[in-house]
Amino acid sequence: MGWFNPPLFNRSLINLMGNTMNIMTLNGYKAKIEYDPEIELFRGEILNLNGGADFYGKKPDELREEFKNSLEVFLEVCKEKGISPTKNAGNFNLKIPLDLQSKIAKQARIEGTQLVDYR
């Protein structure tokens, strides 16, 4: 695949269909990279943001620069609006042994909080 390989791109098996997706990483943020034959450009979509941010480029250096620019703009807007740039973690239920739950609940009470708020 020529230039479309590491270290610029980290190839990872992402989806459950077994398709390979190209991932670019910048400052801990990951972007999914795909080629759009209609416009003859590579398109990047920054993942796990609290909104949308994408970027385009013909060559790897151009794509990386646009990734950087798009991320900077997105982070600046989030800062101005006082919102988190990334999606917050969700909740999930976990079954634990009753004795462990009791110990955690006791520790939560000692620390002046409830089990549901204990971290």
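Values in this text are rule-based calculations from the coordinates and carry no lab data. In this text, all values refer to a predicted model and were calculated from it rather than measured experimentally. Using ideal geometry, Cβ is built from the backbone for each residue, glycine included, and neighbour counts are taken over all protein chains shown.
The figures follow:
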| item | result |
| --- | --- |
| Partners for Lys58 among lysines (Cα-Cα distance below 23 Å; same-chain residues under 8 apart left out) | Lys30, Lys32, Lys68 |
| Net +/- balance of residues flanking Glu45 in space, Cβ distance below 13 Å, scoring K and R +1, D and E -1 | -1 |
| Those lysines that a straight Cα-Cα span of less than 23 Å connects to Lys103, excepting residues fewer than 8 apart in one chain | Lys95 |
